[in-house]
Structure formats: C-alpha cells, structure tokens
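A short write-up of the structure that comes next.
The values are calculated or read from the model by the stated rules, or taken from the named source; none is laboratory data. Predicted model, so just to flag it, every value in this text is computed and none were measured. Please note: Cβ atoms are built from the backbone with ideal geometry, for glycine as well, and neighbour counts cover all protein chains shown.
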Amino acid sequence: MMSKKGARLYGRMQHGLEKKAAVVELLHRRRKEIEMCKGKNKTDDGKTMLKAKVDRLKSERREVEKDYAHTGGSMKKKRRIKKK
C-alpha cells in the first residue's frame, strides 16, 4: 500500500517515462524511414519521399484525433458567426 501522495508521484513518474519513450520511438521510426530512402527518390512502395512524409503525418494526426475523441472534445476549429 502506498500513500495517496506517493501513488500520485509514482503515476506522474510513469507518465513522464512513457512520454519520453514514445518520443524516442517516434524519432527512431523517422530516422529509419529517412535512412531507408536515403539515396533514392522513392520508397519501396513507389511513393516519393514527400508523399510518404505526408501520409505518415496524416496517419499520426488521425491517431491523435482518435485518442482525443474519447474525451468528448473536438480538435476541429469552430467557426464563430459574427452577430450584427
């Protein structure tokens, strides 16, 4: 059994470690992608480097939106209607 303070501190520590590990994994994946296509204009699936990057960023954005959708919020900007 841990005290409430200790449990919260431990939870924050674990959260920080998970965030760091996620960033490291993302950078490793990007580096591998760059090194794999170094010297080539196209990736193995026939896409240009720019198209592969755009696809990767879109998929990462979709993942973030999917995770955020569970909170009940919306990442889309809301347009404000000006009242006269």
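Brief remarks on what is shown
- None of Arg8, Arg30 is assigned to a helix (DSSP H, G or I) and modelled with pLDDT under 90 except Arg30.
- Flag if Lys78 is modelled with pLDDT of 85 or more and out of contact with any helix residue (DSSP H, G or I) (no Cβ under 7 Å at 6 or more places or on another chain): no
- Positions within the stretch 45-61 being among the small types (Gly, Ala, Ser) and assigned to a helix (DSSP H, G or I), in sequence order: Ala52, Ser59
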